[in-house]
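Engineer: There's a structure below that I have some questions on.
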Amino acid sequence: MNQHAIQAEHPFKRSTQVQLRFNDIDALGHVNNSVYFQFFDLAKTEYFAGLEVNADINWCRPSIVIANVNCAFIEPTVFQEPVEVLTQCARLGNKSLTLLQHLVNRDTRALKATCATVMVNLDPATNQPAPLPDVWRDAIIAYEGHE
């Protein structure tokens, strides 16, 4: 694997297929670098929805926010290439979690890009970091099969 790729310690359990659009492509015939973040955000949404958290979550006022995003572009993605985003929770801390994502070609499994996103839970009353709710922690551990 490429030396810049962010390695996964556990198997990925969530896969999100991505449809490439004409306007995703830059003048070189590649997916524009800014578009990758849209792919990763779409897959984050599916990952959290798939956890089936039994809590009343107000998505208009989310408590988990992105604190840091790092993306490594491994090889170009081209128009009409069949791609998907693999997502996992790579680290589960007290007040934060790290999602690891790989964009891969669905047919060849070639790695196109990797992304690590640190997300922090905020107390909505103080807007300060707060412990992750047990309902989220329990759902992630149950889904991933590890802590």
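Engineer: Taking amide H positions as placed in the peptide plane 1.01 Å from N, state which residues far from His30 in sequence (5 or more) or on other chains have amide H under 5 Å from it.
Structural biologist: Distant-sequence amide H within range of His30: zero hits.
Engineer: In addition: So if the hydrodynamic radius of the chain is defined as the Kirkwood radius over C-alpha pairs, what does Stokes-Einstein give as its diffusion coefficient at 37 °C and 0.692 mPa s, in µm² per second?
Structural biologist: Answer, rounded: 203 µm²/s.
Engineer: OK, next. Under 8 Å for C-alpha pairs, at least 6 residues apart: give me the relative contact order for segment 54-147, rounded to a whole percent.
Structural biologist: Relative CO of segment 54-147 lands at 31 percent.
Engineer: When the accessible area of the chain is computed with all protein chains present and a 1.4 Å probe, what percentage of it is carbon and sulfur?
Structural biologist: Looking at the chain in its full context, I get 51 percent from C and S.
Engineer: Can you work out the accessible area per residue across segment 17-125, with the rest of the protein chains kept in place, probe 1.4 Å, in square angstrom?
Structural biologist: Here the residues of segment 17-125 average 53 Å² of exposed surface.
The values are calculated or read from the model by the stated rules, or taken from the named source; none is laboratory data. None of the values given here were measured: they were computed from a predicted structure. Just so you know, the surface numbers come from the protein's heavy atoms only, side chains and all, with ligands and any DNA or RNA stripped out. Shrake-Rupley method; radii C 1.70, N 1.55, O 1.52, S 1.80 Å.
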